[in-house]
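Let me begin by presenting the structure, written as structure tokens, before commenting on it.
The values are calculated or read from the model by the stated rules, or taken from the named source; none is laboratory data. Quick caveat, the model's predicted, so the values are computed rather than measured. For neighbour counting, all protein chains shown are included, and Cβ atoms are generated from backbone atoms with ideal geometry for every residue, glycine included. The area values use the complete protein model at the heavy-atom level, side chains included, leaving out ligands, DNA and RNA. Shrake-Rupley method; radii C 1.70, N 1.55, O 1.52, S 1.80 Å.
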Amino acid sequence: MSNTEPDFLCVHCGLTMSALTPEGDERDHCSGCLTSRHVHDQHDGGVSDCAARMTPLSVVVPADGRWRLVHRCVDCAELSEGLVAGDDGPLPLMRIAVRPLAEPPFPLELLGRV
Ligand SMILES: [Zn+2]
Ligand SMILES: [Zn+2]
């Protein structure tokens, strides 16, 4: 990790993002719209030549309690997982986190019967 990483433009909303998060991690998605880019090869490691847009799919919370965002590439459908940064927008994050609850695959009334 170095501090010489260039800033980058979000491919989706055009926001300029700093290369590093407030935590000092390498930033892998836009903190405004949470869109990422397919630059890492998830299977073989190293750099991917895909470079397509990756849309945020869901939020996962591993045992360490730090939220992670799951992205899917719009081009090759590869999945990636990255740490949520301290300056990620709370609103878009919550929108993704509650999406399954807002659109349940069964009528919510069923919960009242169990
Ligand atoms: Zn963005
Ligand atoms: Zn891809």
Q. Hey, any hits in segment 22-32 for a residue that's more than 13 Å from the chain's Cα centre (by Cα) and at positive phi?
A. yes
**Q.** Top-ranked residue in segment 55-105 [being of a type in the set (Asp, Glu) and within 19 Å of Gly45 (Cα to Cα); ranked as least open to solvent (accessible area, probe 1.4 Å)]
**A.** Glu78
Q: Taking Pro22 as the residue in question, decide whether it is touching a residue at least 60 places away in the same chain (Cβ under 8 Å) and either surrounded by fewer than 10 Cβ atoms within 10 Å (Cβ to Cβ) or within 13 Å of Asp87 (Cβ to Cβ) (or both).
A: yes
